[in-house]
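The values are calculated or read from the model by the stated rules, or taken from the named source; none is laboratory data. Every value quoted in this text rests on a predicted model; they were computed, and no experiment measured them. A quick note on method: Cβ atoms are made from the backbone with ideal geometry, for glycine too, and the neighbour counts reach across all protein chains shown.
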Amino acid sequence: MGTSFTQFNGFGFWAKDYALKVWLMLLVHEISAMPEPLEWLDEAKEEWRFQATFGATGCVLADMDRFIVDSERMNAINSICQVALAKLNEKGDTLDPIFLNSLGTGGEGSSYLNHIETACFAIVAKKFIELLEGKLKFTARNSPNFSC
């Protein structure tokens, strides 16, 4: 399983691809639930859907610098992240393979066979939010891997 570096404003964090792809897909679902998302949010949604569903490893890109260019956008994404994280935590201590497979992440033929602790995905979500808020100051050289 690959790992990818998610960055924003020169900082970032490493996470396993499967966890990052699930997180991005949860954001896609939240944006899709919006009645009329702004054009830039729709673009982010489509890019994140692609990143979550393509089959390559080690190169999952959230491309946050492309989509989050001002405080208004940062606040919008932060709100979406907070809702997605709350819904993730409501799922309980583990996520079952039926739910995980329903997300369609990982590419053609990819599937989950076992339950996975929700914390494996929540840590990625929290680091994504910390990065967004400017609280995470790791670089690719010194960031630990923040997923199970």
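Hey, Glu46 hits all of (1) without any contact (Cβ under 8 Å) to a residue 24 or more places away in the chain; (2) outside any helix (DSSP H, G or I) but one; which does it fall short on? Looking at each condition in turn, Glu46 falls short on (2).
Hey, among the residues in the stretch 13-41 that are of a type in the set (Phe, Trp, Tyr), buried (at least 21 other Cβ atoms within 10 Å of the Cβ) and in contact with a helix residue (DSSP H, G or I) (Cβ under 7 Å, 6 or more places away or on another chain), which one's nearest to Gly2 (Cα to Cα)? Steps first, answer last, please.
Within the stretch 13-41, the first condition is being of a type in the set (Phe, Trp, Tyr), and the residues that meet it are 13-14, 18, 23, 40.
From what is left, the residues that are buried (at least 21 other Cβ atoms within 10 Å of the Cβ) are 13, 18, 23.
Pick out the ones that are also in contact with a helix residue (DSSP H, G or I) (Cβ under 7 Å, 6 or more places away or on another chain) and you get 13, 23.
Values: Phe13: 14, Trp23: 15 Å.
Applying the filter and picking the extreme gives Phe13.
Selection of the stretch 50-60 for residues being touching a residue at least 12 places away in the same chain (Cβ under 8 Å) and out of contact with any helix residue (DSSP H, G or I) (no Cβ under 6 Å at 6 or more places or on another chain) yields Thr53, Phe54, Gly55, Ala56, Gly58, Cys59.
For the stretch 101-116, how many residues are closer than 21 Å to Glu46 by Cα, polar (S, T, N, Q) and in a loop (DSSP other than H, G, I, E, B)? Count: 2.
Using the structure shown, decide if Gly58 is at pLDDT below 95 and over 14 Å from Val124 (Cβ atoms). When the stated conditions are applied, Gly58 passes them.
Can you tell me which residues in the stretch 76-106 are surrounded by 13 or more Cβ atoms within 10 Å (Cβ to Cβ) and either of a type in the set (Gly, Ala, Ser) or without any contact (Cβ under 8 Å) to a residue 24 or more places away in the chain (or both)?
Within the stretch 76-106, the first condition is being surrounded by 13 or more Cβ atoms within 10 Å (Cβ to Cβ), and the residues that meet it are 76-78, 80-85, 88-89, 91, 94-97, 99-101, 103-106.
Passing the criteria: Ala76, Ala84, Asp96, Pro97, Phe99, Asn101, Gly104, Gly106.
Please state which one of Ser102, Ser71, Ser110 is over 19 Å from Gln7 (Cβ atoms) and modelled with pLDDT of 95 or more.
Numbers: Ser71 fails: over 19 Å from Gln7 (Cβ atoms); Ser110 fails: modelled with pLDDT of 95 or more.
So the residue among Ser102, Ser71, Ser110 that is over 19 Å from Gln7 (Cβ atoms) and modelled with pLDDT of 95 or more is Ser102.
Restricting Ile80, Ile98 to residues that are over 23 Å from Gly134 (Cβ atoms) and either not in a loop (DSSP other than H, G, I, E, B) or not basic (Lys, Arg) (or both) narrows the list to Ile98.
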